[in-house]
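The values are calculated or read from the model by the stated rules, or taken from the named source; none is laboratory data. These figures come from a predicted structure and were not determined experimentally. Please note: Cβ atoms are built from the backbone with ideal geometry, for glycine as well, and neighbour counts cover all protein chains shown.
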Amino acid sequence: MKLIGSLTSPYVRKARIVLAEKKIEFDLVLDSPWAKDTAVAQHNPLGKVPVLLLDDESHLYDSRVIAEYLDTVSPNNRLIPASGRERITVKRWEALGDGLQDAAVAAVLESRRREGEKSPDWIKRQHGKIAAALTAMEDDLGDQPWCHGGSFSLADIAVGCALGYLELRFPDLDWRGDHPHLAHLYDKLMQRPSFAETVPQD
């Protein structure tokens, strides 16, 4: 099993953490869709990472599909409830975490365009989404030990990866000061080897 992706992508980090928590061995193949010699599109027609290459040479993408697949192939350390309201709640947290990442990535990419091409209004819109997502996460988390129930789940992984990306790309954003429950959760997550060993880096 191989995982194709970069060290900066929060989506790739999510897949790496799931693999680590499930104790599934894999090879990490570093590739960025933005590199001139990238081979990502050969495995994912959307040209995005992560891509999981299975032993039968089939390809899985995106991070949500990969996480769900990995949680089903290994019964240990279940990260997604099997059914019902609990499952939907965890998937809702995942959607919120991924949505925050989507907005953050969009803002970063837009800010890197040449002067005269970038849209300040578009960047402002993405920052508004980030702020709204952080507020919703903080309110929903409250003083609970984990995002859902009394145990670690995919919800925590998705939220943790989103917060880690903010730490990397938005160092001036004081999300910790405004969201102490999220800050406490992220500090607790960073004590897990799966998080500590996948800190995003350029």
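Listing for the model above:
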| item | result |
| --- | --- |
| Pairs where the first residue, in segment 21-37, is in contact (Cβ under 8 Å) with a residue 12 or more places away in the chain and the second is exposed (fewer than 11 other Cβ atoms within 10 Å of the Cβ), C-beta under 7 Å, 6+ apart | 22/76; 23/76 |
| Any hit, segment 164-184, residues being in contact (Cβ under 8 Å) with a residue 40 or more places away in the chain and of a type in the set (D, E, K, R) | yes |
| So residue 172, is it assigned by TED's automatic domain parsing to the domain that holds residue 108 and not in a helix (DSSP H, G or I) | yes |
| Residue within segment 9-18 that is over 20 Å from residue 147 (Cα atoms) and modelled with pLDDT of 95 or more present | yes |
| Residues being assigned to a helix (DSSP H, G or I) and touching a helix residue (DSSP H, G or I) at 6+ places or on another chain (Cβ under 8 Å) - total across segment 181-195 | 9 |
| Pairs, first within 16 Å of residue 157 (Cβ to Cβ) in segment 67-89, second at pLDDT below 90 and surrounded by 15 or more Cβ atoms within 10 Å (Cβ to Cβ), C-beta under 6 Å, six or more apart | none |
| Residue 6 being in contact with a strand residue (DSSP E or B) (Cβ under 8 Å, 6 or more places away or on another chain), among the polar types (S, T, N, Q) and surrounded by 14 or more Cβ atoms within 10 Å (Cβ to Cβ) | yes |
| Filter result for residue 111 (under 24 Å from residue 133 (Cα atoms), at pLDDT 95 or above and not assigned by TED's automatic domain parsing to the domain that holds residue 138) | no |
| Failed item in (1) under 29 Å from residue 191 (Cβ atoms); (2) assigned by TED's automatic domain parsing to the domain that holds residue 173, with residue 122 passing the rest | (1) |
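For (1) in the same structural domain as residue 154 (by TED's automatic domain parsing); (2) touching a Cys at 6+ places or on another chain (Cβ under 8 Å); (3) more than 24 Å from residue 197 (Cα to Cα); (4) not small (Gly, Ala, Ser), each residue gets a yes or a no:
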{"residue": "6", "(1), (2), (3), (4)": "no, no, no, no"}
{"residue": "11", "(1), (2), (3), (4)": "no, yes, no, yes"}
{"residue": "20", "(1), (2), (3), (4)": "no, no, no, no"}
{"residue": "25", "(1), (2), (3), (4)": "no, no, no, yes"}
{"residue": "29", "(1), (2), (3), (4)": "no, no, no, yes"}
{"residue": "43", "(1), (2), (3), (4)": "no, no, yes, yes"}
{"residue": "56", "(1), (2), (3), (4)": "no, no, yes, yes"}
{"residue": "88", "(1), (2), (3), (4)": "yes, no, yes, yes"}
